[in-house]
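**Q** Okay, here's the structure, questions in a sec.
FYI, it's all coordinate maths here, none of it is from the lab. Computed from a predicted model, the values in this text were never measured in an experiment. Glycine gets a Cβ as well: all are built from the backbone with ideal geometry, and neighbour counts include every protein chain shown.
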Amino acid sequence: PKTLLKEFKLRLLPGGHVLIAVPNPESHDAKHYEKYWAAWDVPIHAHHFTKRSMIKMMEDAGFQHLDITPMNMDSYYISLLSEQYKSASDSKSIKNWLNAILQGFKSNYRGKKDNTSSLIYTFRLA
């Protein structure tokens, strides 16, 4: 992350914005699926950040936190993949689809605006 943050600072003008979309390990579906949560998908996501750790890392690097936006549709997709991992079956199973829809809904409902399966953070270079 430190190398990437340095690159952001080199390329952005003061006041420039950065949008970062990442999975949220504090979401309902992350807690529900635990080790089967599809968004642990290493090596794509080598690091996972809580809201607090993401904001602190960015503020320590000289960015101002502006907003968090939920990625509501991601909750359904990640839940479907997680159902597949959990049951060791393919996505054609109607049970997997129904469970994924239910868990995706729960994740979005319980997560409200800032605790869904995936989040988009908006920062400004100070």
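**Q** In deg cm²/dmol and to the nearest 500, what is the mean residue ellipticity at 222 nm of the chain if only DSSP H runs of at least 4 residues count, each as -39500 (n - 2.57), divided by the residue total?
**A** -15000 deg cm²/dmol
**Q** A follow-up question, please. Give me the one-decimal nm value for the distance between modelled label points at residue 73 and residue 56, 7 Å along each residue's Cα-to-Cβ direction.
**A** Between residue 73 and residue 56, the simple spin-label model gives 3.4 nm.
**Q** Defining a contact as two alpha carbons under 8 Å apart and six or more residues distant in sequence, what relative contact order in percent does the stretch 2-125 show?
**A** Across the stretch 2-125, relative contact order equals 43 percent.
**Q** Could you check which residue among 107, 93, 82 shows the biggest mean-square fluctuation in a GNM of the chain with a 10 Å Cα cutoff?
**A** Among 107, 93, 82, the largest GNM mean-square fluctuation belongs to 93.
**Q** Moving on. If R0 is 30 Å, what FRET efficiency do you get for residue 9 and residue 31 from their C-beta distance, rounded to 0.05?
**A** 0.30
**Q** Fully extended, how many nm does the chain gain between residue 22 and residue 98 (0.36 nm per residue separation, minus their Cα-Cα distance)?
**A** 24.9 nm
**Q** Note down the magnitude of the dipole of the stretch 2-125 about its Cα centre, charges +1 on Lys and Arg C-beta and -1 on Asp and Glu C-beta and zero elsewhere, to the nearest 20 debye.
**A** 180 debye
**Q** Right, something else. Sorted from largest to smallest, which semi-axis lengths in Å does the alpha carbon gyration tensor of the chain give for its equivalent ellipsoid, taking the root of 5 times each eigenvalue?
**A** After scaling each eigenvalue by five and taking roots: 31, 14, 11 Å.
**Q** As I understand it, the value is the acute angle between the Cα axis of helix 2-11 and the longest principal axis of the Cα atoms of the chain; what does it come to in degrees, rounded to 10?
**A** 60 degrees
**Q** Using mean Cβ contacts within 10 Å as the protection proxy, how do 116-122, 15-21 order, highest first?
**A** Ranked by mean Cβ neighbours within 10 Å, highest first: 116-122, 15-21.
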